[in-house]
Amino acid sequence: MDRHQRYDAAGAFCVVWGLYGFGLLGIEMVERLMELEGKECRLLRFLTACGTGYRILVVECCEYLPRLRQMFPQAELWCAVADREKADALAAEENMPGGAGGQGLNVHWVFADYLSEQLPLEKEFFDYILAEEGLSQAGNPQDIASGLGLYLKPTGYLLLSFANIRYWHVLENLMEGHFYHVCSRAFARDEFVKLMAASFYKDVQFLPAEGRRPPEGLVARLEAGGFQNIDNDLLMEAWLVQAAKATPEIMELKRMYTSAVRQRLAVLLRRLEYGIRLDGEGRDNLSLLGQLCREHFIFPAYLAAFIKEMTVHTNSLLWSLSDWQTSPGSEQREFWDELLLEMQDVYLDRQDFQVVAAWQQGCSEPLPPEPEPAGYGVAVQPGTRIAFITCVNKPELYAEALLYMKELRLPPGMEAEFISVTGAKSMCSGYNQGMARTSAAYKVYVHQDTLLVNKNFVFDLLQIFAADDVGILGVIGARMLPASGVWWDAMRTYGKVLHACEPECVVETACMEPAGDWLEVEALDGLLLATAVDVPWREDLFDGWHFYDVSMCKEMQRRGYKAVVPRQDSFWCIHCPKEKPLAAEYKTYQRRFLREYGHELEPEI
């Protein structure tokens, strides 16, 4: 039996008999068996022993528990296993001499199959989750990876491993006509990075797990055949993975203050960046920011780092903050001076460094004048109305979005109304209710967590709706829907939107841009949909919260109207959702969509 075979035998032993072995043989015997079989707790290479009271979840790979208890004597250890019978056998032995309890493991047991059901655990609870080969048996690895992430703290880490499909032995077997991963998944490293990004992990680090030495000359032949061997990838039997939900820079910001303080800080800075001087109660946002910094001892270096990560328009924000420069209180002026110094340090790698340096030297350029609205020449009859319709179940989100909507400029003679629908059974039902409550010529259906930051939005909208047969507009979508009906799976996607899924940063989601003022597409995302004609939302089919948007685009097209994406010189809106896996019912509505509209699709892929 060679080393590769011994590894497989040890893996089979630990997965099939791990819990039972712990209970009947005791920890020392299990560790001895692991040593004899060559099984390593490889993911521990990411960890350093300490006395910190971490919360650690082990998923199925129970062989890690003794080592983790040795490394982290103060930690809370949890273990999720699918096989209740074997777990019960171990639990019964915990108080026996030599059993798991006798060795002081003190493990909290959870009996659930993580591949088919949600774990009955508190969300955002764990510092580390260890799942050796945790995605190898997953039918949809993205669902499992993102699902496990729900249980991680914002500063937590998911530790995984995966079989490397580019390992020389796998490729050799393929050349001989064999593929031994039919019942399990193997990944390439680059593919795994994309998978983790789609599962909401922002930082992914790898450690190699080298396999057997290849036959003489095999790697050279593979390289000659076009297989690149970057970082000796062809020699790695597996890769070990540490994935975090935030980049290291964002992680440091998260560690300093509570989530509530960081959220409040982001809200106030964003209002100032986009020129919203007063909150809904008429209070000055700059004064509120100063008060927040004083109350929670937010120091200039932290604020500078925070601004760098979550601000798009640095100069605009600095203009809003510049009142501190002439503040009658010396404390405020000193804070401003120190903030600029700190911003110079953190902006060294950014183009905005020159902007900060100019402010530091007292010679900053004034903000450019607001451009004339593109749709200013469009004739609007007096009394023409535009309605902003939102389904609301979180009033605090809607209150923030409303601040931005009320700042939008309107052509002379146009009126705006703001309609919130609460208690809606579905998005289609809520939008139909909103439509029935207004006779406005133009309607904007907007999510409660979407901030409209283009103050000329209404002018731009009218300019596009002046074109023939434009019925619905969105900020991002697909030129042609794929066979799946999922717009982001399309070959050609257009438009852009800023995403602020966590308070400490903003991410640009930018697809292709239309060559002209707008481009006709087949599908739009529902975060913002503006209409110039009234078409009923299909609540008879879509009685939930998915595919209502793509359905409306198809309904418009059935009636001869175009769905379009505009060219955005700067981002029109910021979407602030909480990242989470797709709901289980998503596929139900996907099937309904395809039954109703599938025969109308002409997919490019």
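The values are calculated or read from the model by the stated rules, or taken from the named source; none is laboratory data. Everything numeric in this text was worked out from a predicted model, so none of it was measured. Note that each Cβ is placed from the backbone with ideal geometry, even for glycine, and that neighbours are counted across all protein chains shown. Surface accessibility is based on the protein's heavy atoms, side chains included, excluding ligands, DNA and RNA. Shrake-Rupley method; radii C 1.70, N 1.55, O 1.52, S 1.80 Å.
Points worth noting:
- Dipole magnitude of segment 277-411, debye to nearest 20 (Cβ charges: Lys/Arg +1, Asp/Glu -1, about Cα centre): 600 debye
- Exposed chymotrypsin sites (Phe, Trp or Tyr not before Pro) absent - longest run of the chain, DSSP non-H/G/I/E/B, at most 15 other C-beta within 10 Å: 377-605
- Calculated FRET value between M512 and L121, using beta carbons and R₀ = 35 Å, to 0.05: 0.30
- Per-residue HN-Hα couplings for segment 144-159 [Karplus 6.51, -1.76, 1.60; θ = phi - 60°; Hz; x = Gly/Pro]: 5, 4, 5, x, 4, x, 4, 8, 7, 4, x, 9, x, 10, 9, 10
- Most simply put, segment 468-605 has about 75% antiparallel DSSP beta bridges, counting only bridges with both residues inside it.
- Nearest 10 degrees, 0 to 90: helix 300-310 Cα axis against the chain principal axis: 80 degrees
- Seen from D284, the other residues with C-beta closer than 14 Å to its C-beta sum to a net charge of 0, counting Lys and Arg as +1 and Asp and Glu as -1.
- Helical contribution to [θ] at 222 nm, DSSP H n ≥ 4, -39,500 (n - 2.57), averaged over the chain, rounded to 500: -11000 deg cm²/dmol
- Rounded tilt (10° steps) of 3-37 against the dominant C-alpha axis of the chain: 80 degrees
- Between amide H atoms placed 1.01 Å from N, distances below 5 Å from C61 occur with E132, all of them 5 or more places distant or on a separate chain.
- Sum of side-chain charges, I419 neighbourhood, beta-carbon under 10 Å (Lys, Arg +1; Asp, Glu -1): +1
- If the chain linking E252 and T384 were pulled fully straight, counting 0.36 nm for each residue of separation and taking away their Cα-Cα distance, it would gain 42.5 nm.
- For segment 323-426, trypsin sites (Lys or Arg not before Pro) are listed when DSSP marks them as loop and at most 14 other Cβ atoms sit within 10 Å of their Cβ; the list is R350, K406, R409, K425.
- Database remark: amide H of G156 closer than 5 angstrom to the amide H of K245 (H placed geometrically; neighbours at sequence offset of 5 or more, or on other chains; Pro and chain starts carry no H).
- For segment 259-346, the gyration tensor built on C-alpha atoms gives a rounded shape. Its axis ratio a/c (a ≥ b ≥ c) stays under 1.5.
- Close amide H pairs (under 5 Å, H built 1.01 Å from N) link V421 with T390, C391, V392, residues at least 5 positions away or on another chain.
- Figure note: T384, T326 ranked by solvent-accessible area, largest first, 1.4 Å probe, ligands and nucleic acids not counted: T326, T384.
- Taken over the alpha carbons of segment 220-307 as equal point scatterers, the Debye sum produces base-10 log I(q)/I(0) values at 0.22 Å⁻¹ of -1.10.
- Size-normalised alpha-carbon gyration radius of segment 119-248, reference 2.2 N^0.38 Å: 1.16
- The angle between the Cα long axis of helix 548-558 and the longest principal axis of the Cα atoms of the chain comes to about 50 degrees, rounded to the nearest 10.
- Rounded, prolate or oblate (a/c below 1.5 giving rounded, otherwise prolate when a/b exceeds b/c) for segment 548-605 by Cα gyration tensor: oblate
- DSSP loop GluC sites (Glu not before Pro) with at most 10 other Cβ within 10 Å: longest gap in the chain: 282-605
- If both residues of a DSSP beta bridge must be in the chain, then about 50% of such bridges are antiparallel.
- Rounded, prolate or oblate (a/c below 1.5 giving rounded, otherwise prolate when a/b exceeds b/c) for segment 411-520 by Cα gyration tensor: rounded
- Rounded to whole Hz, the Karplus (6.51, -1.76, 1.60) HN-Hα couplings of segment 113-126, x for glycine and proline: 8, 5, 7, 10, 8, 6, 6, x, 10, 6, 6, 6, 10, 9
- Normalised size of segment 495-605, defined as Cα radius of gyration per 2.2 N^0.38 Å with N residues, equals 1.16.
- Using C-alpha pairs under 8 Å with a sequence gap of at least 6, the mean separation divided by the residue count of the chain gives a relative contact order of 9 percent.
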